[in-house]
Amino acid sequence: MRMAKQKSFFCFLCFLLVILWSEQVTMGKVIIRAGVVLDMNSAVGKMAESCISAAETDFYARNADYRTRISLATRNSKGDVVTAASAALDLMKNEEVEAIIGPQRSSEAKFVIELGAKTQVPILSFSATSPALTPVQSNYFIRTAQSDSSQVKAIASIVETYGWREIVLIYEGTEYGIALVPYLLNALHAIRTRVPYESCIPSSSDDTEIMSELQKIKKMQESVFLVHMTASMGSRLFLLAKSAGMMSEGYAWLVTTGLSTLLDPVNAKVMDSMEGVLGVKPYVPKSIELEGFKSRWKKNFNSENLFGLWAYDTVWAIAMAVERAGIVHSRFLKQNASNRSVDLAALGISEMGPRLLKSILNTTFDGLSGKFQLVKGEMAPFAFEIFNVVGRSEMVIGYWTQKGGLSQSLDSSSKITHSNSKTKLKQPIWPGRAIQQPKKLRIGVPVRSSFIEFIEVKWDQQNNETNISGFSAQVFFAVLDILPFPLPYEFIPFMNKSSRKSAGTYDDLLRQIKFQKFDAVVGDTTIVAYRSSYVDFTLPYSESGITMVVLMKRDERDNMWIFLKPLSPKLWLVTGLAFFVTGLVVWLLEHRTNREFRGTPEQQLGTVIWFSFSTLVFAHRERPENNLTRFVLIIWIFVVLIISQSYTASLASMLTVQRMHPAFVDVKEIKRNNYFVGHQKDSFVKDFLKKELLFNDTMLREYSTPEEYHDALSRGSHNGGVAAIFDEIPYVRRFLNDKYRCSKFQMVGPTYQTDGFGFAFPLNSPLVSDFSRAILNVTEDHDKMEEIKRKSFGREITCEDQGAETSSGGLRLSSFAGLFLISGVASISSLLIYIIRFLRSNYPASNTMNEQSMWLRILEVLKVLEPHLRLATCMK
């Protein structure tokens, strides 16, 4: 009993000593009143009150020598705007506070800020982050937190690095939620990301209404969402989203700081529903003070909650500012004093308010949340943390800074360490515990049975995969390498599953984008005007145009009458007539005086013809005596020289140069003769032939393979084939990429302009501009394009190449057969005529040899001819 009394007395003595010490400490100190307005019914409010109390104790424990002390008066706003305003009025009038910490929410702070401006009392808010409130509007409003608008560039960087070109915005229908929307939309627009739908959920919505909105969004087949909400509504949203099946594989969710800074207070069930969510929140650097604070207060609350840290630093900022401002007393200058607690006119003006405001704005120190420094009345952002909700915890996957952008880590000097990865972030876990990024691009691919050098679909039955190859595929892969962001995709062949053959035309394939079955089409799809009404094309990556290929006529060198070809029939006729007329003129001029132009009529006619034609080789023996004759011959010999030289050159060209003569060169000729023409199956060329070139549908025939092209052109229009085939230049070049075909067929006629091959996307897709820029980089890289073409087509053989490989081989015997035939006929005919004349002139002598045999007659004739044959031999 005695021991108990002694123990009680000892406790009383200790208590008394503590009181005396406290009095000693505060004795001689200037007490400055400051107010606090919080929602004590909320988790954030309770946490903030504890942090504020701890901050006051810690500050003066470390700075016991300060001449000033702040005394905090706390009021409960109960989450109500009117109550918050009333509490602020009470603090200003009855407590005469020199500063107010709070209110907690942006909606509550709006009116309190006006009161602060009227009374010159600084209003410091650590949680009113709405960009609708800004220190620019009121000098006495100080935001000791980062504005929500400071995070939009970090959010845009995340969206951009994952290549999301469409994202649905879901936000809270309050002033806090609505105020950030314009900033988010501008940031997303800057990176060319479209927001197809904005979902505004009123704060008064019940679970049924929220679920209805989520089901509406789900039916839109959107899979990437950006959420800007407070913790209370955000928790409900994610619980309902999980029930709606929208937290499974294939979805992506990104949350703003409004929800991410409050993830710690939410319960385990909510955290489970948010697995796979990405978020941003201000980066808090590690420090000894922060670790010590966490160890002391971890039993009461989670000290890593950012609002609690900002509240802690706010108290330190006010305490420092009060000391440095040299405030020695606290007094309001009253105006029209009144006993009514809500009389605005009776508030008066704080005498020390302007000095305290200036001191707070100039206060800097290293706080628990990082460096405390105010820029234009609010906290300057340093860096943002990018985190991923995994299980019931947050995994940091990267950071963002204004100067460095995204990175995977920060070193000890708080400098960005960049990564060569396209995403610049660590691998996250997506909803449904998926590793692959959601929102795969569903790419439709045409299934071809011919010209597979452009696009070919192959099935890997063992791994159940679809692989594509060919020129278009190689260009697509090269473009993906250049894109500044990763682009998950899957190829979906446009085919009948049972037959594995094409399910329709290229137009049918492109319309699947309009029907939202495909997100893009990769293949040899031609950019045509009418198709642009339901899809958007990238810039072309290949040559363009529709042309005509026809059969070549037989080589003229195989024609035995080729020597007649250099001159036209009319020119032959005129030339022959000129020879005769010239000879006749010369005869008329020389006949009377020159004996060589006299004789029998037959002789004179022969002289006329012989003389004129002998001038071709200058073999005429007759000497003209008349000067007029000489003048005529000078002119005529010059004419003969020009004609003979031109004839020689033209004939030499025909015999030595391989000439290509297409069967048709004009579309009008084909239409006029009602010849059949061909086109590629399932191609838009059919509609082009009917609408642009006005071919009748009955005159069109479709083919699929180069072999069918070859057969149809070879047979011709009258034998079940076609006179010409119309197709796009790339296909025609592939058809002619053969030694035999190139010598037998030719691309002729005009080229009808098209825009070439391109990749197709939905209308207004932001991916079009990204792909177009990448295509320009690929096509302008000559070495890369040559490598792609060589890999897809091999070595291309042109007609010029074959000209070198299949030379003419010199002059052919067949080319001169006609000349030899004429010469032979003339010689034999002359010989026969001579023999007949000779026999007739010597008929009596031969008549005496009736008894002799035929051989003896022939020998007799040969004896008679022997002198003539000897003379001919001597002349040689």
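The values are calculated or read from the model by the stated rules, or taken from the named source; none is laboratory data. Note that the structure is a prediction, hence the values are computed from the model and not measured. Because the Cβ atoms are built from the backbone with ideal geometry, glycine has one as well, and the counts that use them run over all protein chains shown. Surface accessibility is based on the protein's heavy atoms, side chains included, excluding ligands, DNA and RNA. Shrake-Rupley method; radii C 1.70, N 1.55, O 1.52, S 1.80 Å.
Exposure check, 1.4 Å probe, all protein chains in place: Lys440 carries approximately 80 Å² of accessible surface. Annotation: for a label point projected 7 angstrom from Cα along Cα→Cβ of Asn186, residues of the range 159-178 with backbone N closer than 18 Å are 176-178. Count Lys and Arg as plus one, Asp and Glu as minus one, and take only other residues whose Cβ is under 14 Å from that of Gly35; the net charge is then -4. For the pair Met495 and Thr364 in one chain, pulling the backbone fully straight at 0.36 nm per residue adds 40.4 nm over the alpha carbon distance.
With a 1.4 Å probe rolled over the protein heavy atoms of all chains, the accessible area of His661, His228, His782 falls in the order His782, His661, His228, largest first. Remark: for residue pairs Lys517/Lys784; Lys218/Lys440; Lys440/Lys497; Lys219/Lys514; Lys371/Lys424; Lys118/Lys376, the C-alpha separation exceeds 24 Å in Lys517/Lys784; Lys371/Lys424. Taking all protein chains as they are arranged and a probe of 1.4 Å, the heavy atoms of Trp459 leave approximately 80 Å² accessible to solvent.
In this view, the solvent-accessible surface of Arg165, computed with a 1.4 Å probe and all protein chains in place, comes to about 20 Å². Surface listing: Val82, Val447 arranged by accessible area from highest to lowest gives Val82, Val447, probe 1.4 Å. Seen from Glu175, the other residues with C-beta closer than 13 Å to its C-beta sum to a net charge of -1, counting Lys and Arg as +1 and Asp and Glu as -1.
Which shape class applies to the range 132-199: rounded if a/c is under 1.5, otherwise prolate when a/b exceeds b/c and oblate if not, where a ≥ b ≥ c are the square roots of the Cα gyration tensor eigenvalues? Prolate is the answer for the range 132-199, as a/c is 1.5 or above and a/b outweighs b/c. In order along the range 682-696, phi translates into HN-Hα couplings of 6, 9, 6, 4, 4, 5, 5, 5, 7, 8, 8, 9, 6, 7, 6 Hz, rounded to whole numbers, per the Karplus curve 6.51 cos²θ - 1.76 cosθ + 1.60 with θ = phi - 60° and x for Gly and Pro. The H on the amide N of Met548, modeled in the peptide plane, is under 5 Å from the matching H of Val748, each at least 5 residues off or on a different chain.
Just reorder Glu728, Glu275, Glu708 by solvent-accessible area, largest first, 1.4 Å probe, all chains present. Display every interim value, and only then the final one.
Working: Glu728 10, Glu275 40, Glu708 75 Å².
The residues order as Glu708, Glu275, Glu728, largest area first.
For the range 66-159, what class follows from the C-alpha gyration tensor (a ≥ b ≥ c being the square roots of its eigenvalues): rounded when a/c is under 1.5, otherwise prolate if a/b is larger than b/c, else oblate? Since a/c reaches 1.5 and a/b is larger than b/c, the shape of the range 66-159 is classed as prolate. Remark: the Lys690-Phe793 segment gains 33.9 nm on full extension, using 0.36 nm per residue and subtracting the alpha carbon distance.
Determine, from the Cβ-Cβ distance of Gln427 and Asp206 and an R0 of 35 Å, the FRET efficiency 1/(1 + (r/R0)^6), rounded to the nearest 0.05. According to the calculation, E is roughly 0.40.
Taking only protein heavy atoms and a 1.4 Å probe, the accessible area of the range 158-216 is 51% carbon and sulfur.
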